[in-house]
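The values are calculated or read from the model by the stated rules, or taken from the named source; none is laboratory data. Predicted model only: the values in this text are computed from it and were never measured. Cβ atoms come from the backbone with ideal geometry, glycine included; neighbour counts cover every protein chain shown. For the accessible areas, the whole protein counts, side chains as well, though only heavy atoms, and no ligand, DNA or RNA atoms are used. Shrake-Rupley method; radii C 1.70, N 1.55, O 1.52, S 1.80 Å.
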Amino acid sequence: MQHLGQVAALRPDWSAQTRARWRTPQRRLLLQGQVEQVIAAVQAICRGRNRKAIRTQRDDCIKNQSRMAYAQLIAMKLPIGSGAIESAVRRVINLRLKGPSLLWCRASAEAILLLRSYYKAGRWNMLKRMATSYLALLEA
């Protein structure tokens, strides 16, 4: 959705109000899953001295169209922004693995993150069963 603002900003002949008036309905269309209409709207304003940059934005929309399934994500109650991921990285990685006197090799850090993700997802017992069933196979 940030690209809609970038496309609108590429129209120097538009006022801030005109940009907002164009961007708002396009944002609604994206949230409703009407990606093709948004691409057509970007194509419609692809003129002037910034047409190449606008075309690049349009091509990015076309290329990433499959990732822009916002209506389905909203219906599944999944986050559509990057905020949840950025917050998780900060809380899980930066606060847990980085700190004074903490040194990790990559393999150990990844293993700890995997174990912690199983624990936080409530799947610790599943991991434990997987580990013990493997050991049972070795003993047989």
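Worth pointing out:
- All conditions in (1) surrounded by fewer than 18 Cβ atoms within 10 Å (Cβ to Cβ); (2) free of Cβ contacts under 8 Å to residues at least 40 places away in the same chain hold for Gln6, with the sole exception of (2).
- Pairs meeting the criteria (first residue in segment 95-116 and closer than 24 Å to Lys128 by Cα and hydrophobic (A, V, I, L, M, F, W, C), second residue open to solvent by 100 Å² or more (accessible area, probe 1.4 Å) and in a loop (DSSP other than H, G, I, E, B), beta carbons under 7 Å, at least 6 apart or on different chains) are Leu97/Trp104.
- Segment 105-115: number of residues that are open to solvent by 60 Å² or more (accessible area, probe 1.4 Å) and part of a helix (DSSP H, G or I): 6
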